[in-house]
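K.L.:
Submitted below is the structure of interest, expressed as structure tokens.
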Ligand code: MN
Ligand code: MN
């Protein structure tokens, strides 16, 4: 075919095909930083802590320390240690619109129940309640670690992180041996492991005390008391999350991919945060969202459905001296957003759930989802063609490889992101993130090419 006609196709090529050694080195070294972030930021609280440190190292300051804001100022706002907003003030007035990249930093996991500790037949356990959409069988027989906080009634806060350091013990959830699993193996996969059976194995040595019947439990309480100076009652006011102990690693002989926990959505959180750190002088004010609670519907005062984000933007309006009644509504109606959330990558082992013509492929660059939803786009925020064209143009002129896709075949399933929340305020929004294999599993897979593409895409969007 001659070249002129060939141009008529939307060519879908592997990104690795056309890169030189410099670009390849840039991709690999960027992803080394990303893997470090994954390993130190396995929960929303830890992600906020790491992000805050990175922001401060790059000249960002808490918005509360500013009396007024001017173009070039770099600010952040931390909401209850679980979500965070950052901004670089542009030269244009905020009322003409802002440019938002929004990711989330919570991931599927197991949370401890309020009364977690019990003893049964010589073992001590923590009861858990799973958080987000998990396949329960994937969480048994893997090494798990504990992360979170215990807050005493006097306000003293104890940070917990056990199972990550090489010398730490880990925890696990047992499963039935195949020899005795005849009945279990006949069950539907979703019923194979009961939610109540996701109990974390904690210990087996009894405390030497004749008077109590719960000697193993007492021994654990004694260990916790010596280590953290807490009692069983203090666990009532704790938030302890059970996450995979696995470290993020390069995957494959060619090291082209990354295996790691929590890449939904830290792949987009880290890349957007890094892109924000690289900004110098922007015309339009750039805002980065690191949100909590996306995996359970974005509710609550650290989720995107809350008014905390409105409060942050109002503070920007107040401190730039622009504010006047109802101006916030105008800001949103003139704003643009990339909803930075991961996309389902096409998996050849499970090809039947995808429409190959409309699937996102690992290694083909950042994925755009014009809409999400399920059963006839229900619940979707469907980006306007005009806005898709604007975003495409930004990526094309900056040589950023992108693909436009759907989550899966029609009526096979569906999903959602925070896109609709901002779209409902009047913002132009499109989902834009990294394709993932094994999404929501304890060990998720991404392509280094796509992670770096996300960084370049968010940077270009903010610099436009
Ligand atoms: Mn997500
Ligand atoms: Mn998710």
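K.L.:
Restricting to the chain, compute how many DSSP beta bridges are antiparallel as a %, nearest 5. Before the final figure, lay out the partial values.
P.N.:
Numbers: 53 of 76 bridges.
Among the beta bridges of the chain, antiparallel pairing accounts for roughly 70 percent.
K.L.:
Report, to the nearest 10°, how far helix 448-463 tilts away from the longest principal axis of the Cα atoms in the chain, using its own Cα long axis and a range of 0 to 90°.
P.N.:
Around 50 degrees separate the two axes.
K.L.:
Report the paramagnetic label zone for residue 191: residues of region 123-150 whose backbone N is under 16 Å from a point 7 Å from Cα along the Cα-to-Cβ axis.
P.N.:
Flagged as within label range: 136-137.
K.L.:
Using 0.36 nm per residue, how much length does the chain from residue 390 to residue 352 gain when fully extended, once their Cα-Cα distance is taken away?
P.N.:
Values: separation 38, 0.36 × 38 = 13.68 nm, distance 3.26 nm.
Contour length minus the Cα-Cα distance gives 10.4 nm.
K.L.:
Would you give the gap between the C-alpha center of region 372-408 and the C-alpha center of region 256-318, rounded to a whole Å?
P.N.:
19
K.L.:
If you average the alpha carbon positions of region 220-239 and of region 24-43, how far apart do those two centres end up, in angstrom?
P.N.:
Spelled out, the Cα-based centre of one part sits 34 Å from the other.
K.L.:
Using only DSSP helix segments of four residues or longer, with each worth -39500 (n - 2.57), what per-residue ellipticity at 222 nm results for the chain after dividing by its residue count and rounding to 500? Before the final figure, lay out the partial values.
P.N.:
On the way: 11 runs with 125 residues, N = 464.
Computed mean residue ellipticity for the chain: -8000 deg cm²/dmol.
K.L.:
Further, regarding this structure: Taking a temperature of 10 °C and a viscosity of 1.306 mPa s, what whole-number D in µm²/s does Stokes-Einstein yield for the chain with Rh from Kirkwood over alpha carbon pairs? Spell out each step's value before the answer.
P.N.:
Numbers: Rh = 23.6 Å.
Answer from the Stokes-Einstein relation: 67 µm²/s.
K.L.:
Work out, step by step, the length gained on full extension between residue 322 and residue 65: first 0.36 nm times the residue separation, then minus their alpha carbon distance; give nm to one decimal. Before the final figure, lay out each step's value.
P.N.:
Details: separation 257, 0.36 × 257 = 92.52 nm, distance 1.85 nm.
Fully extending the segment from residue 322 to residue 65 adds 90.7 nm.
K.L.:
For helix 21-40, what angle does its Cα long axis make with the longest principal axis of the chain, in degrees from 0 to 90 and rounded to 10?
P.N.:
The two axes meet at around 40 degrees.
K.L.:
Sticking with this one: Roughly what would the spin-label model give for residue 184 and residue 213, points 7 Å off Cα along C-beta, in nm?
P.N.:
Calculated label separation equals 2.8 nm.
All of the numbers you see were taken from the coordinates with simple rules; none came from a lab. Since this is a predicted model, take the numbers as computed values, not measurements. Every residue, glycine among them, receives a Cβ derived from its backbone with ideal geometry; neighbour counts consider all protein chains shown.
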